[in-house]
Structures are given as C-alpha cells and as structure tokens.
Amino acid sequence: MELDWHTSSYTNQQGGTCVEVAETPQEVLVRDTENRALGHLWFDHGGWTTFLADLKKGTF
C-alpha cells in the first residue's frame, strides 16, 4: 500500500520541527521530514490520540 504522507500542522513556516504523518484505517505513522530514511514511529489510533493529548498537556 502506498502511503499518503503529509506535513504536520505543527510545522512552522521556517521548516523547523517538521514531521510527516500518514494514516491508514488501522494505524498512524510519523517520521522526521529531514531523516525519512531512519524510518517511522507507529501508533494505533487510540495510542496516537493519547500521545497528542499528552503533548498538548506538556507531559513530554
């Protein structure tokens, strides 16, 4: 399956802190825009939702 990668809405206009996201019915994949060859992180949809909520709360 070919993935449709898109730049995160959190990427700033200067290109800093860039990540790309691809979603499938089963999972969400995240990779560093500048280091795509390093691979990606994988989340199920529930895990992705929890991860984003924790980021917004400043947990990390």
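Quick notes on this structure:
- Exposure proxy order (Cβ contacts within 10 Å, fewest to most) of GLU2, GLU27, GLU20: GLU2, GLU27, GLU20
- Full-stretch length increase - THR7, GLN26 - with 0.36 nm per residue and alpha-carbon distance subtracted: 4.9 nm
We did not get these values from a lab; they are worked out from the coordinates using the rules stated. Bear in mind the structure is a predicted one, so any value in this text is a computation, not a measurement. As a convention, Cβ positions derive from the backbone with ideal geometry for all residues, glycine included, and neighbour counts pool all protein chains shown.
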